[in-house]
Every structure is written in C-alpha cells, then in structure tokens.
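Notes follow once the structure below has been shown.
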Amino acid sequence: MTGTPAFAVCDSREAAADHIAYLLEGALRAQLTLQGRASLLLSGGSTPGPVFDRLATVELNWSAVTVGLVDERWVPDELGGSNAALLRQTLLTGRAEAARFVPMYNGAASPAEGLVEAEAAYAPLFEVPPLVLLGMGPDGHTASWFPGAKGLVEALDTGHSHMLAAIDATGAPVAGDMPHRMTVTAAAIARACFAVLYITGEEKRAVLENTGANLPIHHAERVLGDKLKEVWAP
C-alpha cells in the first residue's frame, strides 16, 4: 500500500461524529453507485455511538447495505459489552433498520470453535470492498489486535486468505474480563476501499503518533495507507 493516512483534527467529539458520519455516508453512496451494494464494518465501544446515531437517520438504499463488525467480545447480546447489541440500539434503527446485519457471535463455546461458522457468515461482506470504521485503545490495539494476545500473529498476517481470527487477550489490561474475541484480520482490512480511524483524547493521539512503538494500530496504518482517514477530537 502506498501513501499515508490523512489526519483531521476536530474541535469537539460532536464535530468529529458529524464529520465521520459525513465521510461514511459519502463512501456508502459511492459504493452503492459503483457496485449496487455496499459492505460496512463497524467497531464497538462508547466512542462511535454518536456516529451510529447520525448514520441511522441518513436516507439511502440501506436494503442494499450489509453491516458487520470489526470485532466482537464473545458474549451474547444480552450481556454487557456486546458490540452487536450496541449496533442494534443505535445504527440499526430508523432508516438504517433496513440494512442486513451479520453478527460475529454465533453461540459457540469459544471464538476458536465458532471461527469456521463466523467466516462463512462474513464471506459475503468481502464480495465487494468494504468500508471500515476503526477505533483504538490506549495500548495501541485496533480491532481486537491486542499486543501480546494469543492469535495476534495470525490476525496480522496479510499473506493468508482468512478474514477472521480468534483472539485470546487474557492478561491484557484493556481487554478486561472479556478477553475472548473474534476479529477481522489484516488481510480483511487490506480489502477495504475506505477506512476511518476515530480516536479521542491526548493519550491516544500520543500513542498513535509514536510510530516507533510498532503497535497493532501502526500495522493497520501500513496496510491501509492513504485509504485511511484518521479523525481526532479532544
């Protein structure tokens, strides 16, 4: 991949949410025009919620959009921390309710045991180049690429065809009490036609700018190059 990500500074998180929703809306419209359908892969957590609220009101052909997750805690919707539950409560309401949503969690005992089924479910999302919204933790992880996690090497390998990977982030402080995750791989991210990274706060900005640390987020930057737009707010 050539080029480097563009970096945008917003005055507030409200302005950042507006800007990112605008970027994703434009990318969705372009993808629908070119391909007749679109794939949208989204991150969870508290930061992107306002983006999803804004996108939910956008008038476009949502019935031709398939929505998936960048990663997921291996828990059912009714437990706290489910990214699928977040999307159902925010984006998949109003006009965007017409979109097709593909969860990652499938009830298997572990992400490793559910991997084959999840990869089969996610294969259609990569039939067109997806649009991706990434976040980042204070340890420099994006998706569920936690530094030192079991399964990270496989997740970061762009030389294979697997779009998903099982992650065991036991011992990673940022993973908390839900270390078992499913995540898209670097090979999957490489297929994106457009991606946005949304981060907030001075701490995360310093982590992002410390490229010498060679954290997972820096791997994502290299994989995506100028297809990635980075948006920061205080």
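The values are calculated or read from the model by the stated rules, or taken from the named source; none is laboratory data. Predicted model, so just to flag it, every value in this text is computed and none were measured. Here the Cβ positions follow ideal geometry from the backbone for every residue, glycine too, while neighbour counts run over all protein chains shown.
One residue alone among Ala6, Ala17 is surrounded by 20 or more Cβ atoms within 10 Å (Cβ to Cβ) and either farther than 23 Å from Val102 by Cβ or touching a strand residue (DSSP E or B) at 6+ places or on another chain (Cβ under 6 Å) (or both), and that residue is Ala17. Restricting attention to region 109-152 and to residues that are hydroxyl-bearing (Ser, Thr, Tyr) and farther than 21 Å from Leu228 by Cα, the residue that is nearest to the chain's Cα centre (by Cα) turns out to be Tyr122. If you filter region 20-41 down to residues that are touching a residue at least 12 places away in the same chain (Cβ under 8 Å) and over 16 Å from Leu91 (Cα atoms), you find that the one that is surrounded by the fewest Cβ atoms within 10 Å (Cβ to Cβ) is Gly36.
Condition check for Thr2 on (1) among the β-branched types (Val, Ile, Thr); (2) assigned to a loop (DSSP other than H, G, I, E, B); (3) farther than 27 Å from Gly137 by Cβ; (4) at pLDDT 95 or above: one failure, at (4). Within region 60-89, residues that are modelled with pLDDT of 95 or more sit with their Cβ atoms under 6 Å from residues that are among the basic types (Lys, Arg) and in a loop (DSSP other than H, G, I, E, B), at 6+ positions apart or across chains, in these pairs: Ala64/Arg37. Looking at region 42-98, which of the residues that are β-branched (Val, Ile, Thr) and within 20 Å of Arg13 (Cα to Cα) is surrounded by the fewest Cβ atoms within 10 Å (Cβ to Cβ)? Only one residue tops the list, namely Thr57. Do the conditions hold for Thr142, that is, is it within 26 Å of Leu28 (Cβ to Cβ), of a type in the set (Val, Ile, Thr), surrounded by fewer than 20 Cβ atoms within 10 Å (Cβ to Cβ) and touching a residue at least 24 places away in the same chain (Cβ under 8 Å)? No; evaluated as a whole, the condition is false for this residue.
The residue of region 29-54 that is nearest to Thr185 (Cα to Cα), among those that are outside any helix (DSSP H, G or I) and of a type in the set (Ser, Thr, Tyr), is Ser43.
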